[in-house]
Amino acid sequence: MIDVEKVTDQKSAPGLIENPCRDALIDLASQVPAGECVVEIGSYMGRSTGHLALGVERGGRGVKVHAIDPWEQRTDYDPDYLATARSVADYSKSETRQAFEAHLASSGAAEYVEVHQGLAVDVASEWEGPKVGLLFHDGDHATKAVFEDLKAWLPHMASGSVVVLHDTDDVRYGVSEGARKAFTRTKQLREQWDWAGREVHPWAKNQGRAPDERRRGFTVVRCR
């Protein structure tokens, strides 16, 4: 059984996910139907992975969380991206992968998680798993990277599935623009995904801040 406090308390769960996003991930993961799965792009130290695992445990349908991250396999981050936040410099450290594994093991979340070390587009190209009921994107935030990740994974999504995008309130990144291009690039995708009706959740701490000072936030996009 997952230790709820360890995966939900900000101090004991290392990472960069705010509480409203945490709660949304837990709730959405709990709703994924049996026979489908959850995919996480960008696991870092495992905070959101624990949230997703807690959700599927509560759902009780035998759903697995597939956590994808290159960790130390990738060191070619763009210098501008590296300059946006201190945490980016930690992405390729082996200690980050170790922190991820330790968090999942100590919290009990590991039982519900299958780990894929590599780039999301590469994992998608070899995917033979079940259809994806929930996709959480918190990987490389560059516009092109987000577009390529979603382009690779949208064909694997189940009917009625959901995509959650993190850091959409941060203008330093291209998450929203990359996603817009991915969800609207063909007529079929425009009909399948409700990009126009997406649910945008700004971070409460951004209230009163100038646009270039806004951080975090998440967006939910649903399959029609």
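The values are calculated or read from the model by the stated rules, or taken from the named source; none is laboratory data. Since this is a predicted model, take the numbers as computed values, not measurements. Using ideal geometry, Cβ is built from the backbone for each residue, glycine included, and neighbour counts are taken over all protein chains shown. All accessible areas refer to the heavy atoms of the entire protein, side chains included, with ligands and DNA or RNA removed. Shrake-Rupley method; radii C 1.70, N 1.55, O 1.52, S 1.80 Å.
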Value at 222 nm in deg cm²/dmol, rounded to 500, when DSSP H runs of n ≥ 4 in the chain each add -39,500 (n - 2.57): -10000 deg cm²/dmol
Taking the Cβ of residue 182 as the center, what net charge do the other residues with Cβ under 9 Å away carry, scoring Lys and Arg +1 and Asp and Glu -1? +2
With the dipole of the range 155-224 defined by +1 on each Lys or Arg Cβ and -1 on each Asp or Glu Cβ, the option from 165, 178, 193 whose Cα lies farthest towards the positive pole is 193
In debye to the nearest 20, the charge dipole size for the range 19-105, taken about the Cα centre with +1 at each Lys and Arg Cβ and -1 at each Asp and Glu Cβ, equals 280 debye
By average Cβ neighbour count within 10 Å, what is the ranking of 48-56, 154-162, 190-198 from highest down? 48-56, 154-162, 190-198
Note down the magnitude of the dipole of the chain about its Cα centre, charges +1 on Lys and Arg C-beta and -1 on Asp and Glu C-beta and zero elsewhere, to the nearest 20 debye. 700 debye
Considering lysine pairs in the chain that are 8 or more places apart or on different chains, how many have Cα atoms under 24 Å apart? 15
From largest accessible area down, sort 6, 205; use a 1.4 Å probe on the protein chains. 205, 6
Once both label points are put 7 Å beyond Cα along the C-beta direction, the residue 3-residue 131 separation in nm becomes 3.8 nm
Debye calculation, C-alpha points only, no solvent: report log10 I(q)/I(0) for the chain at q = 0.16 Å⁻¹, in the same order as the q values. -1.12
So for the range 74-125, what percent of the C-alpha to C-alpha distances run longer than 16 Å? 56 percent
Quick one: grab the alpha carbon gyration tensor of the range 121-166, order the square roots of its eigenvalues as a ≥ b ≥ c, and give me rounded if a/c is under 1.5, else prolate or oblate depending on whether a/b is larger than b/c. oblate
Which of the peptides 12-20, 89-97 is most tightly packed, and how do the rest follow, judged by the mean count of other Cβ atoms within 10 Å per residue? 12-20, 89-97
Just for the Cα atoms in the range 78-202, what are the lengths along the principal axes, largest first, rounded to whole Å? 43, 35, 28
Quick check on packing: order 123-130, 72-79, 211-218 by the mean number of other C-beta atoms within 10 Å, highest mean leading. 211-218, 123-130, 72-79
Under the 0.36 nm per residue contour assumption, what length would be gained going from the current alpha-carbon distance of residue 222 and residue 205 to full extension? 3.6 nm
Treating the Cα atoms of the range 1-112 as identical point scatterers in vacuum, please give the log10 of the normalised Debye intensity I(q)/I(0) at q = 0.20, 0.22 Å⁻¹, two decimals. -1.02, -1.17
